[in-house]
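Take a look at the structure below.
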Amino acid sequence: MTTKFVRLLLATVFTLSLSAVGQAANTDSTLPAAPSATPPAGAATTPEAAPTGTAKIGTINIEQAIFASNEGQRDFEQLSKKLEPKQAELKKLNDEVDSLKKQLNTGGDKLADDARANLVKQIEQKQKSLERSVQDARDDAQTQQNEIAQRILQKMAPVIVNYASTTGFGMIVDTSNPWPQGPVLWAAPSVDITKAVVDAYNLKSGVPAPAKPTPPPAKPATTAPARPQTTTPPQQPKQ
C-alpha cells in the first residue's frame, strides 16, 4: 500500500466528512433558535470544540492505524493466504528458469550449436514470462491491498474526526511518511492519537482481535539417569 495513495484517500475522506458536518450545521441554522436555558444538573451535554487559541495539533500514522486495527489484521491475513497459490506458482517458474540456467552453465559448452541456441532461447522466453507474471501478481496484490485500505479508511475517518474534535485537537497530521518525505519534522509522542483511534475503531467495528498462534508444546526435559552408587567390598584379611 503506497503512502501517496493513503494520503490522497485520507484527504478525500476527510473532506467528505467535514462537508457532511457543515451541511448538518447549515440545516440546523434554519431552525428557530431555542431560548437560552441552563441545563439541569447531571444532564448530558454535547462536547464543544476547543477555542481557537487552545486547539492542539495532533499526529496519526494512518498506515499503522489501518494495519493495526483488528479488521486490518484479519483482512490482510486473509489476503496473504489467498495469494499463497500464486506465490507457489511463481516459485515453481523461477525454479524452472534456475534449472535451465544451471544446465547451460554446467554443460552448455558440450552441446551442439543448435541445441545450445535453443536452450538459450528457452531460458530467455521463460525469463520474460516469469517477469511478466511477477509484475502482474505484484500489481494484483497492490490493487487488493489498496481496496482493503480504502474500505477501512472510509469507516475509520469519521472515528478520527470525532476523536480529534472531542479531545481539543484543531488539526491532525499524517505521519505515515517520515521526514523529509513527510510533513512532520518532529512531534512529541503525547500528541500521537494512533493507538487511541485504533482502540476506538476496534470498539466500533466489533471485529475481535485475531487469535495469537499457539506456541508449540515445550519438549520435556531429558536428564541422564542417575548412576547407581557402587561400594567397594571390604578386603579379606590375608591368611
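The values are calculated or read from the model by the stated rules, or taken from the named source; none is laboratory data. Just so we're clear, the structure is a prediction, and the values are computed from it rather than from any experiment. Neighbour counts run over all protein chains shown; Cβ positions are idealised from the backbone, glycine included.
Would you point out which residue out of SER129, SER190, SER133 is within 27 Å of GLY72 (Cβ to Cβ) and of a type in the set (Ser, Thr, Tyr)?
That would be SER190, the only listed residue that is within 27 Å of GLY72 (Cβ to Cβ) and of a type in the set (Ser, Thr, Tyr).
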> For residues in the stretch 131-175 being assigned to a loop (DSSP other than H, G, I, E, B) and on the phi < 0 side of the Ramachandran plot, which is nearest to the chain's Cα centre (by Cα)?
Replying inline: THR175
> Could you give every pair whose Cβ atoms fall below 6 Å, whose first residue belongs to the stretch 168-196 and is under 12 Å from ILE62 (Cα atoms), and whose second residue is of a type in the set (Asp, Glu) and surrounded by 10 or more Cβ atoms within 10 Å (Cβ to Cβ), counting only separations of at least 6 or pairs across chains?
Replying inline: SER176/GLU63
>> So the check is Cβ under 7 Å with 6+ separation or different chains; which pairs have a first residue in the stretch 205-217 that's over 30 Å from ILE160 (Cα atoms) and a second one that's loosely packed, with under 10 Cβ neighbours inside 10 Å?
In response: none
> Would it be correct to say that VAL120 is hydrophobic (A, V, I, L, M, F, W, C) and assigned to a helix (DSSP H, G or I)?
Replying inline: yes
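Residues checked against (1) at pLDDT 85 or above; (2) assigned to a loop (DSSP other than H, G, I, E, B):
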site: SER36; (1), (2): no, yes
site: THR46; (1), (2): no, yes
site: PHE67; (1), (2): yes, no
site: PHE76; (1), (2): yes, no
site: LEU79; (1), (2): yes, no
site: GLU84; (1), (2): yes, no
site: ALA88; (1), (2): yes, no
site: ASP109; (1), (2): no, no
site: ASP114; (1), (2): yes, no
